[in-house]
Amino acid sequence: MLTFIVRYGYVPFMLLGINGAAIALAASGAPKWSLVALILFAVVCSFAAERALPYESSWNAPGPDRFRDAVHAFVNESLILVSVAVIPLMAAVIPFDGLWPSGLPFALQVVFAVLVADFGITVVHLISHKVGWLWRFHAVHHSLERFYGMNGLMKHPVHQTFETAGGVLPLILLGMPVPVASALAVCVAVQLLLQHSNADYRIGPLRPILALNAGHRFHHLKWAGIGDVNFGLFTLIWDHLFRTYSFDPGKRFSSDDLGMAAKPDYPDDYLGQLAEPFRRQT
């Protein structure tokens with residue numbers, strides 16, 4: 001029974017339940033700590049689902065990367081929350097006014113923000129695989145050798161800043177309200193947990209549309225070029241349009257498929273990963 005619940009109920013619970021709670025809290029003007037608490041609850045749910053129904057049992061085994069990934073997650077989630085905090089300051093100097101669709105119900109404003117952010121982040125992500133100096137920072141994320149919720153935020157803070165800017169700056173220019181940004185921050189955290197989850201869940205006919213773990217594993221194939229697919233954060237819509245969508249229902253992943261074949265000795269500690277993009281490339 002638990003297996004069935006996780007397989008078919010985990011994703012609706014996270015996307016509709018957790019995100020729905022975030023939308024309700026943000027719309028009501030609840031304190032920001034309540035949204036942080038909601039993100040922490042989502043992390044707990046992610047670990048529970050991965051243990052109840054793992055895709056690959058060995059990926060649940062705690063290793064030395066757990067502390068590193070926790071530091072990455074703390075730093076990068078903090079950057080996301082800081083970006084929400086500075087929105088009023090940036091809004092004060094933006095010359096545009098009245099472009100935000102404030103007449104829509106609050107929940108639809110959040111959906112609109114998700115779709116706009118999805119496009120911006122997807123474009124920055126795709127460019128990061130094509131431009132050498134950006135790839136140096138993005139490579140940190142591709143050094144992972146197991147798939148579990150916490151390594152969704154295993155990113156160099158420089159690259160995290162670029163991705164966040166790609167998603168958020170268009171929204172700020174449109175005049176996104178802070179409560180919408182607060183709900184969006186939770187949606188991003190939930191999406192990263194789902195996208196890198198080790199839970200063996202199912203989403204049926206939505207698999208080619210939603211950017212979740214089954215499709216995102218192909219993005220982390222370790223061979224150069226082969227993993228240049230499925231760039232979307234929230235959806236795979238832009239991947240279909242950019243012709244970067246790929247999926248093989250018969251493919252079964254293990255740690256041997258992940259990482260970077262060209263850099264098998266990539267640093268696996270936090271400080272080493274921070275420094276690696278600045279080292280001379282050989």
If you take the residues of segment 253-266 that are assigned to a loop (DSSP other than H, G, I, E, B) and touching a residue at least 12 places away in the same chain (Cβ under 8 Å), which of them is farthest from LEU221 (Cα to Cα)?
TYR266
Selection from segment 233-252 of residues that are part of a helix (DSSP H, G or I) and surrounded by fewer than 18 Cβ atoms within 10 Å (Cβ to Cβ):
HIS240, LEU241, PHE242
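Which ones in segment 267-282 are of a type outside the set (Asp, Glu), part of a loop (DSSP other than H, G, I, E, B) and either in contact with a Lys or Arg (Cβ under 7 Å, 6 or more places away or on another chain) or surrounded by 13 or more Cβ atoms within 10 Å (Cβ to Cβ) (or both)?
If the condition is that a residue be of a type outside the set (Asp, Glu), part of a loop (DSSP other than H, G, I, E, B) and either in contact with a Lys or Arg (Cβ under 7 Å, 6 or more places away or on another chain) or surrounded by 13 or more Cβ atoms within 10 Å (Cβ to Cβ) (or both), then PRO267 is the only one that fits.
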Residue under question is ALA70, and the condition is that it be out of contact with any Asp or Glu (no Cβ under 6 Å at 6 or more places or on another chain), closer than 16 Å to HIS196 by Cα, in contact (Cβ under 8 Å) with a residue 24 or more places away in the chain and not acidic (Asp, Glu); does it hold?
yes
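Criterion first (of a type in the set (Asp, Glu), touching a His at 6+ places or on another chain (Cβ under 8 Å), in contact (Cβ under 8 Å) with a residue 40 or more places away in the chain and not in a strand (DSSP E or B)) does ASP228 satisfy it?
Judged against the criteria, ASP228 is a match.
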Name the single residue that is farthest from the chain's Cα centre (by Cα) among those in segment 126-142 being farther than 16 Å from MET260 by Cβ and in a helix (DSSP H, G or I).
TRP133
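Any idea which residue in segment 10-25 is nearest to VAL178 (Cα to Cα), counting only those that are among the small types (Gly, Ala, Ser) and within 20 Å of the chain's Cα centre (by Cα)?
ALA22
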Out of ILE23, ILE18, report the one residue that is under 16 Å from GLN195 (Cα atoms), at pLDDT 95 or above and among the β-branched types (Val, Ile, Thr).
ILE18
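The values are calculated or read from the model by the stated rules, or taken from the named source; none is laboratory data. Just so it is clear, the model here is predicted, and its values are computed rather than measured. FYI the Cβ positions are ideal-geometry reconstructions off the backbone, even for glycines, and counts take in every protein chain you see.
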